[in-house]
Amino acid sequence: MKKYEVAKIILANKPSVPVNTTVQVFAPTNIALCKYWGKRDDELNLPVTSSLSVAIPDKGAQVTLHTRSDKDIISINGQIVAENSSVYSRATAFIDLFRQKNSCFLQIEYSLNIPMSAGLASSACSFAALTKALNELFAWQLPEKSLSILARLGSGSAARSIWSNFVEWHAGTRADGMDSYAESLPYQWPELCLGILILSDKEKSLSSREAMKRCVNSSALYASWPDQVDHDMKLLHEALANKDFDSMGSTAEANALAMHAVTLASRPPICFSSPETIAVWQKIWALRASGLKLYFTQDAGPNLILLFLGKDIPEILNAFPTITICRR
Ligand code: PMV
């Protein structure tokens with residue numbers, strides 16, 4: 001099935017010409033505690049497994065859309081994006097799913113307060129914000145479940161950035177992906193903090209899409225990944241329901257390390273970690289051994305997200321002076 005066919009089903013009887021001329025929306029970034037790693041359908045971004053994330057409510061992407069009559073123009077943090085770049089072609093191909101040919105061009109202004117392509121889910125919040133903005137521009141009035149399905153067509157993890165709390169993205173089993181969407185979970189845990197530790201803000205050399213494909217096709221460890229996810233999802237639900245910090249942190253950290261083990265076992269091998277990343281893993285393990293309740297998770301890049309409780313902020317700042325602390 002093709003993306004436009006999914007869009008057609010969801011947008012049956014909805015306007016395909018803009019009702020508004022300018023809209024502005026925000027979508028938060030999300031950090032997976034149990035990762036999405038591997039697709040069962042490359043075209044529709046359907047995952048092999050479910051995944052579970054937590055949003056960082058004040059970090060993400062704001063998108064402003066203005067209708068135009070001639071061509072699409074995209075800017076990120078005030079810089080115009082080249083028309084031959086992958087960001088431009090991915091965003092315009094996504095909008096093409098919803099508009100009539102040559103009838104609606106857009107000026108798309110992204111304002112992001114996280115680094116792009118550094119493994120911090122910048123594409124997740126960007127596509128979620130773009131989907132929410134199109135929903136307003138065309139006045140579709142879609143429910144969140146449908147927005148999550150549409151955002152997934154832009155980038156898999158964008159399915160989760162429609163929400164701003166703990167979120168589960170159900171893998172689903174249908175070929176059309178209508179059962180593969182994210183939902184907000186009922187857990188509240190305001191004491192849980194995340195810390196963004198940027199070790200490099202360079203663009204990553206291999207996209208998640210390519211890395212996932214290589215892992216599914218060649219990693220000797222990929223066969224064990226779905227069982228790892230089943231196990232970790234159960235533990236995470238229990239830990240979040242009981243606010244069991246050690247169980248949540250150790251499960252999220254083990255899940256991230258298992259994902260990175262899968263990438264290392266692919267051929268050719270993929271290593272997203274830098275020497276600095278590994279030095280910080282070891283520092284975290286040493287601090288934990290000395291009694292500090294601290295864990296990490298890592299996406300497809302060298303940067304780390306630290307997981308800790310609000311009461312430990314002074315110690316965290318002392319150990320990692322450059323960290324950006326996100327309260328939720
Ligand atoms: O949605 P993508 O294609 O950017 O893939 C995201 C993959 C990870 O960030 C590594 C894991 C996840 O669940 O967010």
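The values are calculated or read from the model by the stated rules, or taken from the named source; none is laboratory data. Note that the structure is a prediction, hence the values are computed from the model and not measured. Counting neighbours? That spans all protein chains shown, and the Cβs are built from the backbone with ideal geometry, glycine included. The accessibility values were calculated without ligands, DNA or RNA, using every heavy atom of the protein model including side chains. Shrake-Rupley method; radii C 1.70, N 1.55, O 1.52, S 1.80 Å.
Quick check on my filter: what residues within region 274-315 are within 16 Å of the ligand (Cβ to nearest atom) and within 19 Å of Cys34 (Cβ to Cβ)? Within region 274-315, Phe296, Thr297, Gln298, Asp299, Ala300, Gly301, Asn303, Leu304, Ile305, Leu307 meet the criteria.
All of (1) of a type in the set (A, V, I, L, M, F, W, C); (2) modelled with pLDDT under 95; (3) within 15 Å of Ser250 (Cα to Cα) hold for Cys326 with one exception: (3). Ser207 meets each of the listed conditions (1) modelled with pLDDT of 95 or more; (2) closer than 22 Å to Ala171 by Cβ; (3) among the polar types (S, T, N, Q) apart from (1).
Would you confirm, using the coordinates I've provided, whether Val19 is open to solvent by 20 Å² or more (accessible area, probe 1.4 Å) and either assigned to a strand (DSSP E or B) or not small (Gly, Ala, Ser) (or both)? Spelling it out, Val19 is indeed open to solvent by 20 Å² or more (accessible area, probe 1.4 Å) and either assigned to a strand (DSSP E or B) or not small (Gly, Ala, Ser) (or both).
When residues in region 201-213 are screened for being within 14 Å of the ligand (Cβ to nearest atom) and not in a helix (DSSP H, G or I), 4 of them pass. Taking the options Leu134, Leu199, name whichever one is of a type outside the set (Ser, Thr, Tyr) and not assigned by TED's automatic domain parsing to the domain that holds Thr322. Residue meeting the stated conditions: Leu134. No other residue among Gly195, Gly172, Gly177 is open to solvent by less than 10 Å² (accessible area, probe 1.4 Å), within 26 Å of Met248 (Cα to Cα) and of a type in the set (Gly, Ala, Ser) apart from Gly195.
Residues are listed down the side, and each one gets a yes or a no for (1) under 20 Å from Asn217 (Cα atoms); (2) open to solvent by less than 20 Å² (accessible area, probe 1.4 Å):
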| position | (1), (2) |
| --- | --- |
| Glu253 | no, yes |
| Leu257 | yes, no |
| Ala261 | yes, no |
| Arg267 | yes, no |
| Thr277 | no, yes |
| Trp285 | no, no |
| Ala289 | no, no |
| Lys293 | no, no |
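One residue alone among Leu134, Leu142, Leu150 is surrounded by fewer than 23 Cβ atoms within 10 Å (Cβ to Cβ), in contact with a helix residue (DSSP H, G or I) (Cβ under 9 Å, 6 or more places away or on another chain) and of a type in the set (A, V, I, L, M, F, W, C), and that residue is Leu142. Among the β-branched types (Val, Ile, Thr) and within 16 Å of the ligand (Cβ to nearest atom) - does that describe any residue in region 69-87? Scanning region 69-87 turns up at least one residue that is among the β-branched types (Val, Ile, Thr) and within 16 Å of the ligand (Cβ to nearest atom). Based on what the data block shows, is Ser219 crowded, with 19+ Cβ neighbours inside 10 Å, outside the structural domain of Ile323 (by TED's automatic domain parsing) and either more than 28 Å from Glu315 (Cα to Cα) or touching a Phe, Trp or Tyr at 6+ places or on another chain (Cβ under 7 Å) (or both)? For Ser219, the condition - crowded, with 19+ Cβ neighbours inside 10 Å, outside the structural domain of Ile323 (by TED's automatic domain parsing) and either more than 28 Å from Glu315 (Cα to Cα) or touching a Phe, Trp or Tyr at 6+ places or on another chain (Cβ under 7 Å) (or both) - is not met. In the set (1) more than 30 Å from Gln188 (Cα to Cα); (2) more than 16 Å from the ligand (Cβ to nearest atom); (3) in a strand (DSSP E or B), the condition left unmet by Pro57 is number (1). In this entry, Ile9 passes the filter for residues that are more than 13 Å from the ligand (Cβ to nearest atom), modelled with pLDDT of 95 or more, open to solvent by 70 Å² or more (accessible area, probe 1.4 Å) and out of contact with any Phe, Trp or Tyr (no Cβ under 6 Å at 6 or more places or on another chain).
What is the one condition in (1) crowded, with 16+ Cβ neighbours inside 10 Å; (2) more than 19 Å from the chain's Cα centre (by Cα); (3) not aliphatic (A, V, I, L, M) that Asp227 does not satisfy? Among (1) crowded, with 16+ Cβ neighbours inside 10 Å; (2) more than 19 Å from the chain's Cα centre (by Cα); (3) not aliphatic (A, V, I, L, M), the lone unmet condition for Asp227 is (1).
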